[in-house]
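Engineer: Let me begin by handing over the structure; questions about it come next.
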2 protein chains.
Amino acid sequence: MLKRRQTIQVAVGKGIKQKCIGSDHPILVQAMTTTQTSDVWETMNQIMPLENAGCEMIRVAVQTPEDARAIREITRHLTIPLVADIHFNPQLALLAIEYGADKIRWNPGNITKTEMIKDIAQAAKDVKIPMRIGVNGGSLRKDLLDNPEFRTSSGGYKTAGMMVRECLDAVALIEDIVGGKGIVPLVLSVKASDPLAMLTANFDIARQTDYPIHLGVTEAGSDEDGIIVSCAGLMPLLAYGIGDTIRVSIKDPLKQIRAAYRILRSYGLREYGVRIISCPTCGRMGNFPLTELEQRLNEEFSKRLDLRGTIALMGCPVNGIGESNQHSYGLIGSHTGAADIYYNGNKEKRIEPPDIIDKIVVDALEFLEGKS
Amino acid sequence: MLKRRQTIQVAVGKGIKQKCIGSDHPILVQAMTTTQTSDVWETMNQIMPLENAGCEMIRVAVQTPEDARAIREITRHLTIPLVADIHFNPQLALLAIEYGADKIRWNPGNITKTEMIKDIAQAAKDVKIPMRIGVNGGSLRKDLLDNPEFRTSSGGYKTAGMMVRECLDAVALIEDIVGGKGIVPLVLSVKASDPLAMLTANFDIARQTDYPIHLGVTEAGSDEDGIIVSCAGLMPLLAYGIGDTIRVSIKDPLKQIRAAYRILRSYGLREYGVRIISCPTCGRMGNFPLTELEQRLNEEFSKRLDLRGTIALMGCPVNGIGESNQHSYGLIGSHTGAADIYYNGNKEKRIEPPDIIDKIVVDALEFLEGKS
């Protein structure tokens, strides 16, 4: 479990903004903007809070020459690398490279002519930037869709198989164009809206190559279902050490970052603020205001992503004592409405009403800040 | 992937409320109440909406003789089986069985005396009801916590190893007491708040027994993080065919049911209303009100869990055409604010503003109801 798949290392960006993708490095968290890239002001207004929230690489859509030209101004203000997302027009890839994109994402289902791909790969080689081969189950190569090999007996598509084929074909083509492996460093992604197709394809790609892999479930939907579907695709791969960068494709880019870190934190792959372990409450709990306390602490900790640790909020002693022994800060509610507080597994004090929520918040923050 | 682990089948409850747990049956969704079980009115008020939402088995805390006695009245009104959760007092297990509990959950970390366990197992055998052996990382047997075999070199605990040992010891003890395997049908669970410990332990239990397994990450926390941590524990197991019943241990029991079904739906393991596939929007999208439409459809579909299908809401044609071909109902927004509508992969019509959200909601509902 969690033993990282060994990959080639890929550097993105130059100087202080350089980030590395691959098995020697922490799994990188990225997001994509929703603005018109040509609107530099709006785009920067969206990216800056993302950088503060822990976004380590940002992707922007390049649909027009104005979008490509905006990259020069945007990258000037960024502390993280920028990826230009190209869909149909290879000229925009060349322009994005000219204007300083740190990486190009090419969808081999949309730009399929070898001559066009040659131009892009050669330009990336000339300025020494990496490319992402970004396969998407919603925009596959037409010849694969037409190929009976990839149809099921009931007339459906074998999406995973098509995605793997398209990705490996694209790898071979780029290596052939630039004259070998690693001359243009590659990151691979195969995304689908069906998490099962996505994870099957990624297990296959992981076995067949040693390029780093970017993980994501595409068009995941919104909020709860978007997060669940993303987890369905990502978790089994991460648990088996596959994945070097991730994006959670839900609506709000800030939520993408938060969900990505929480996914990685759940396996201890990245640190991210304070994790709250909290019982769902049941008939065993007395008068302790556990739900209200948890909401308050969630708010406080979301402003203090610099803090580290786990805090266990338990409504009764049944599992409370065991949990409190395992975490930095433990709390067990009592029937009277008071709470027993544990520091690093040792019972430290009892906090009594009134104003018990305020008192606990202050105590927990002081403890986690190292002041207690 | 998804090939179900073969298990013994366990029936819970009698007559029309009987449910079966095991590899011959769909993965069962359960929840636990948060009320004082002795308060029959409050407890029923919580369970009835859960049954309507798809809860297939309900667990209640039994802490007092009054809680145990309330089971008779509660089960009279239920259409699903009831599990009595026993923690420290074996007398309450006997009383819960006497008052008609359909299944007993025994935590072998809390009731450890063989004589007491004998009484419970014998009572279960007499009335022919199954037991769940419910191990929890927060309430493990003291002798395991004291055993140097389960300490790491840095002084921490090997939670997964302790949970597996406690569970298998408990299985052996029950089989010994009742005189063999299957005489009291067992369901096993090993839950921890650390999803990695939980999933490691479950992979191990799955290899070593053929009893059905109930999956859950305990004390998952609230909402987003609770769902992510639950997914971290559940998804890799479900993807490998392990798990016969699940509970998502987040705060609100109704949310537990919804999240559980969405988790199972993401792999196609259970059906649950209409799934919305939706792009996260990016700089490629024009004036189409995709986010607002998705919110509206989410609301409508949450009231219509009887409907089936997938609906793809895409902001632009890049992946939109491919997605629309794969789902029951597809929509691609245009720069002008209109939308192209696909029925079963075929372009059906274009819907234009004004009132485009209302028009699409009506069209989608009619299509999914089979009226179009």
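The values are calculated or read from the model by the stated rules, or taken from the named source; none is laboratory data. For clarity, every value in this text was computed on a predicted model and none was experimentally measured. Quick reminder, even Gly has a Cβ in these numbers, built from the backbone with ideal geometry, and neighbours come from all protein chains shown. The protein model used for the area step is the full one, side chains on, heavy atoms only, and it has no ligands, DNA or RNA in it. Shrake-Rupley method; radii C 1.70, N 1.55, O 1.52, S 1.80 Å.
Engineer: Where the second residue is in a helix (DSSP H, G or I) and modelled with pLDDT of 90 or more and the first is assigned by TED's automatic domain parsing to the domain that holds A:Ser278 and lies in the stretch A:320-331, which pairs have Cβ atoms under 6 Å and are six or more apart or on separate chains?
Structural biologist: The qualifying pairs are A:Tyr329/A:Ala364; A:Tyr329/A:Phe367.
Engineer: May I ask you to say which residue of A:Gly233, A:Gly221 is within 24 Å of B:Val248 (Cβ to Cβ), crowded, with 24+ Cβ neighbours inside 10 Å, within 13 Å of the chain's Cα centre (by Cα) and not hydroxyl-bearing (Ser, Thr, Tyr)?
Structural biologist: Values: A:Gly221 fails: within 13 Å of the chain's Cα centre (by Cα).
After ruling out the rest, the residue left standing is A:Gly233.
Engineer: Here's something else I'd like to know. Can you find even one residue in the stretch A:64-83 that is closer than 25 Å to B:Leu290 by Cα, exposed (fewer than 15 other Cβ atoms within 10 Å of the Cβ) and at pLDDT below 95?
Structural biologist: No, the stretch A:64-83 contains no residue that is closer than 25 Å to B:Leu290 by Cα, exposed (fewer than 15 other Cβ atoms within 10 Å of the Cβ) and at pLDDT below 95.
Engineer: Based on what the data block shows, is B:Ile276 at pLDDT below 95, open to solvent by less than 20 Å² (accessible area, probe 1.4 Å) and within 11 Å of another protein chain (Cβ to nearest Cβ)?
Structural biologist: yes
Engineer: While we're here: If we keep just the residues of the stretch B:123-136 that are closer than 19 Å to B:Tyr211 by Cα and either away from chain A (no Cβ under 14 Å) or free of Cβ contacts under 8 Å to residues at least 12 places away in the same chain (or both), which is surrounded by the fewest Cβ atoms within 10 Å (Cβ to Cβ)?
Structural biologist: Step one: of the stretch B:123-136, the residues closer than 19 Å to B:Tyr211 by Cα are B:124-125, B:128-136.
Now restrict to residues that are either away from chain A (no Cβ under 14 Å) or free of Cβ contacts under 8 Å to residues at least 12 places away in the same chain (or both): B:124-125, B:128-133.
Numbers: B:Ala124: 26, B:Lys125: 16, B:Lys128: 11, B:Ile129: 24, B:Pro130: 20, B:Met131: 28, B:Arg132: 25, B:Ile133: 23.
Of everything passing the filter in the stretch B:123-136, B:Lys128 is surrounded by the fewest Cβ atoms within 10 Å (Cβ to Cβ).
Engineer: Just one of the numbered conditions (1) open to solvent by 20 Å² or more (accessible area, probe 1.4 Å); (2) in contact (Cβ under 8 Å) with a residue 40 or more places away in the chain; (3) more than 16 Å from B:Pro280 (Cβ to Cβ); (4) facing chain B (nearest Cβ under 8 Å) is not true of A:Ala239; which one?
Structural biologist: In the conditions (1) open to solvent by 20 Å² or more (accessible area, probe 1.4 Å); (2) in contact (Cβ under 8 Å) with a residue 40 or more places away in the chain; (3) more than 16 Å from B:Pro280 (Cβ to Cβ); (4) facing chain B (nearest Cβ under 8 Å), A:Ala239 misses (1) alone.
Engineer: Also, I was wondering about something else. So is A:Thr310 more than 20 Å from A:Gly54 (Cβ to Cβ), at the interface with chain B (Cβ under 10 Å from one of its Cβ atoms) and surrounded by fewer than 23 Cβ atoms within 10 Å (Cβ to Cβ) or not?
Structural biologist: no
Engineer: From the list A:Ile257, A:Ile228, A:Ile263, A:Ile246, which residue is closer than 20 Å to B:Glu323 by Cβ and either facing another protein chain (nearest Cβ under 7 Å) or under 11 Å from the mean Cα position of the chain (by Cα) (or both)?
Structural biologist: Exactly one of A:Ile257, A:Ile228, A:Ile263, A:Ile246 is closer than 20 Å to B:Glu323 by Cβ and either facing another protein chain (nearest Cβ under 7 Å) or under 11 Å from the mean Cα position of the chain (by Cα) (or both), namely A:Ile228.
Rundown of residues vs (1) open to solvent by 20 Å² or more (accessible area, probe 1.4 Å); (2) in contact (Cβ under 8 Å) with a residue 60 or more places away in the chain; (3) touching a Leu at 6+ places or on another chain (Cβ under 9 Å); (4) not in a loop (DSSP other than H, G, I, E, B), yes/no style:
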{"site": "B:Ala259", "(1), (2), (3), (4)": "no, no, no, yes"}
{"site": "B:Arg262", "(1), (2), (3), (4)": "yes, no, no, yes"}
{"site": "B:Leu269", "(1), (2), (3), (4)": "yes, yes, yes, no"}
{"site": "B:Glu294", "(1), (2), (3), (4)": "no, no, yes, yes"}
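Engineer: Now, a different point. Identify the single condition in (1) over 16 Å from A:Thr79 (Cα atoms); (2) buried (at least 23 other Cβ atoms within 10 Å of the Cβ) that A:Ser38 does not satisfy, given that it satisfies every other one.
Structural biologist: Checking A:Ser38 against (1) over 16 Å from A:Thr79 (Cα atoms); (2) buried (at least 23 other Cβ atoms within 10 Å of the Cβ), the one that fails is (2).
Engineer: Looking at this structure, is B:Ile174 more than 14 Å from every other protein chain (Cβ to nearest Cβ) and touching a Leu at 6+ places or on another chain (Cβ under 6 Å)?
Structural biologist: no
Engineer: Then there is this: Among the residues of the stretch A:111-122, write down those that are closer than 26 Å to B:Cys316 by Cα and surrounded by 21 or more Cβ atoms within 10 Å (Cβ to Cβ).
Structural biologist: A:Ile120
Engineer: Exactly one of (1) open to solvent by less than 10 Å² (accessible area, probe 1.4 Å); (2) in the same structural domain as B:Arg247 (by TED's automatic domain parsing) is unmet by B:Leu290. Its number?
Structural biologist: Condition not satisfied by B:Leu290: (2).
Engineer: Within the stretch A:100-110, can you find the residues that are surrounded by 19 or more Cβ atoms within 10 Å (Cβ to Cβ) and farther than 13 Å from A:Val83 by Cβ?
Structural biologist: A:Pro108, A:Gly109 - these are the residues of the stretch A:100-110 that are surrounded by 19 or more Cβ atoms within 10 Å (Cβ to Cβ) and farther than 13 Å from A:Val83 by Cβ.
Engineer: I'm told A:Ser302 meets every condition in (1) among the small types (Gly, Ala, Ser); (2) within 11 Å of another protein chain (Cβ to nearest Cβ); (3) surrounded by 16 or more Cβ atoms within 10 Å (Cβ to Cβ) except one. Can you identify the failing condition by its number?
Structural biologist: Every condition holds for A:Ser302 apart from (3).
Engineer: Take the stretch A:137-150 and flag every residue that is farther than 13 Å from A:Pro108 by Cβ and either open to solvent by 90 Å² or more (accessible area, probe 1.4 Å) or among the small types (Gly, Ala, Ser) (or both).
Structural biologist: If the condition is that a residue be farther than 13 Å from A:Pro108 by Cβ and either open to solvent by 90 Å² or more (accessible area, probe 1.4 Å) or among the small types (Gly, Ala, Ser) (or both), then A:Gly138, A:Asp146, A:Pro148, A:Glu149 are the ones that fit.
Engineer: Mind checking which residues of the stretch A:307-362 are of a type in the set (Val, Ile, Thr) and modelled with pLDDT of 90 or more?
Structural biologist: Result: A:Thr310, A:Ile311, A:Ile332, A:Ile341, A:Ile351, A:Ile356, A:Ile357, A:Ile360, A:Val361, A:Val362.
Engineer: Here's something else I'd like to know. Which residues, taken from the stretch B:7-35, are surrounded by fewer than 16 Cβ atoms within 10 Å (Cβ to Cβ) and over 19 Å from the mean Cα position of the chain (by Cα)?
Structural biologist: Once the filter is applied, which keeps residues that are surrounded by fewer than 16 Cβ atoms within 10 Å (Cβ to Cβ) and over 19 Å from the mean Cα position of the chain (by Cα), the stretch B:7-35 yields B:Lys14, B:Gly15, B:Ile16.
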